1. Kindly establish whether PRO153 is crowded, with 17+ Cβ neighbours inside 10 Å, modelled with pLDDT under 95 and either of a type in the set (D, E, K, R) or assigned to a loop (DSSP other than H, G, I, E, B) (or both).
2. Take the conditions at pLDDT 85 or above and open to solvent by less than 50 Å² (accessible area, probe 1.4 Å) and apply them to SER196. Does it pass?
3. Restricting to the stretch 161-198, name every residue that is among the charged types (D, E, K, R), farther than 22 Å from GLU38 by Cα and either in a loop (DSSP other than H, G, I, E, B) or free of Cβ contacts under 8 Å to residues at least 40 places away in the same chain (or both).
4. Output yes when any residue across the stretch 75-90 is loosely packed, with under 13 Cβ neighbours inside 10 Å, within 20 Å of GLU38 (Cα to Cα) and at pLDDT 95 or above, and no when none is.
5. Which residue, of GLY56, GLY118, is open to solvent by 50 Å² or more (accessible area, probe 1.4 Å), at pLDDT below 95 and either in contact with a Lys or Arg (Cβ under 6 Å, 6 or more places away or on another chain) or within 27 Å of GLU177 (Cβ to Cβ) (or both)?
6. When you scan the stretch 127-148, do you find a residue that is open to solvent by 40 Å² or more (accessible area, probe 1.4 Å), at pLDDT below 60 and either among the charged types (D, E, K, R) or under 16 Å from the mean Cα position of the chain (by Cα) (or both), even just one?
7. Does GLU38 satisfy the criteria of being surrounded by fewer than 18 Cβ atoms within 10 Å (Cβ to Cβ), charged (D, E, K, R), assigned to a loop (DSSP other than H, G, I, E, B) and modelled with pLDDT under 90?
Amino acid sequence: MTLQQIRSPRFAIILVVAVLCFANVAQAGPPLICHTIEIGQAKSLPWISHNWNLSGGETYDTKNLVPDTLDILAPGTPVLVRMETLRRATLYARKDPLAAKELLARLHARATSAESSGHSDALAWFDVGYLAETYKQWLGQSWMRVSNDEQNPAAGVDGYALVKKAIGLRGSDPQMEFAAALITFSGPQEEHRQHSLKAIAGAKTDPLLAQNLATHFNGPQSQTMSEMLAKELNLKLAKN
């Protein structure tokens, strides 16, 4: 996708329709896991797979997962990069329950420490919340448990509430709004709509965000959201 395509009026219209119809799009798999976030050439955790899941050929040592992730989630790291890093961390954490628990604990400690010092950190709270919601979609699910005793480290953590707190502290961040729209993909519907609208508004000056808003969800049909919805819209217009 080129910058010219992103700025074209036709693409802008399709993008608006696509995001407003987020909740009506059939998607295979959990959105925070199966939706690969485009981050350009930005640094993230090592990744060799060509799709959303681990390919089985990764040689990454999960003993480095916590320090590597914390290092990437620096104050200057964009939200989209944080989202993709936490998505990859969750996939790796599935193989290392101890690392999964430690990562969430360390991120939570970082956020609460900043708040206790009187300098509440929006990005720190975002990281905790987004990781918690990503964990909930992948770790400890009944359909993938190794044993009945397997627990999700994020059980009982309202990650969405923490992401909303981060948005409140940040003031205005379209990339965070995009994250919140993904979290609320299955509801609540009005909150999802509001987050989507704010992400759309910000995408006008953020080509990478615009690309992510219109990117494909890896499902049975290899189409972008915009392509699927544009086709659906054309069919509706043809009937009228």
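1. Against the criterion (crowded, with 17+ Cβ neighbours inside 10 Å, modelled with pLDDT under 95 and either of a type in the set (D, E, K, R) or assigned to a loop (DSSP other than H, G, I, E, B) (or both)), PRO153 qualifies.
2. Numbers: at pLDDT 85 or above: yes; open to solvent by less than 50 Å² (accessible area, probe 1.4 Å): yes.
When the stated conditions are applied, SER196 passes them.
3. Matches in the stretch 161-198: LYS164, GLU190, GLU191.
4. Yes.
5. Going through GLY56, GLY118 in turn, just one is open to solvent by 50 Å² or more (accessible area, probe 1.4 Å), at pLDDT below 95 and either in contact with a Lys or Arg (Cβ under 6 Å, 6 or more places away or on another chain) or within 27 Å of GLU177 (Cβ to Cβ) (or both): GLY118.
6. Yes, because at least one residue in the stretch 127-148 is open to solvent by 40 Å² or more (accessible area, probe 1.4 Å), at pLDDT below 60 and either among the charged types (D, E, K, R) or under 16 Å from the mean Cα position of the chain (by Cα) (or both).
7. It is false that GLU38 is surrounded by fewer than 18 Cβ atoms within 10 Å (Cβ to Cβ), charged (D, E, K, R), assigned to a loop (DSSP other than H, G, I, E, B) and modelled with pLDDT under 90.
The values are calculated or read from the model by the stated rules, or taken from the named source; none is laboratory data. No experiment lies behind these values; they were computed from the predicted model shown. Please note: Cβ atoms are built from the backbone with ideal geometry, for glycine as well, and neighbour counts cover all protein chains shown. Side chains included, ligands, DNA and RNA excluded: accessible areas come from the protein's heavy atoms. Shrake-Rupley method; radii C 1.70, N 1.55, O 1.52, S 1.80 Å.
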